[in-house]
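Presented below is the structure to which this report refers.
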Amino acid sequence: MLLLIIKIININISNEAIFFTWCQILRLHTKFQNQNQLYL
């Protein structure tokens, strides 16, 4: 039972990490797009 809880917690942590990473990537991507629009 405890092992199952640990597994679920680990999955949730990895999902949050993936979500956070995607947010950072999207933020950088939009930042670059905005800079490109300024230069054009």
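Any read-out appearing in this document is the output of simple, stated calculations on the displayed coordinates, not a laboratory observation. Just so it is clear, the model here is predicted, and its values are computed rather than measured.
Annotations
- Secondary-structure-derived ellipticity at 222 nm for the chain, considering helices only, amounts to -35000 deg cm²/dmol, per-run term -39500 (n - 2.57) for DSSP H runs with n ≥ 4.
- Shape box of the chain [Cα atoms, principal axes, largest first, Å]: 59, 5, 5
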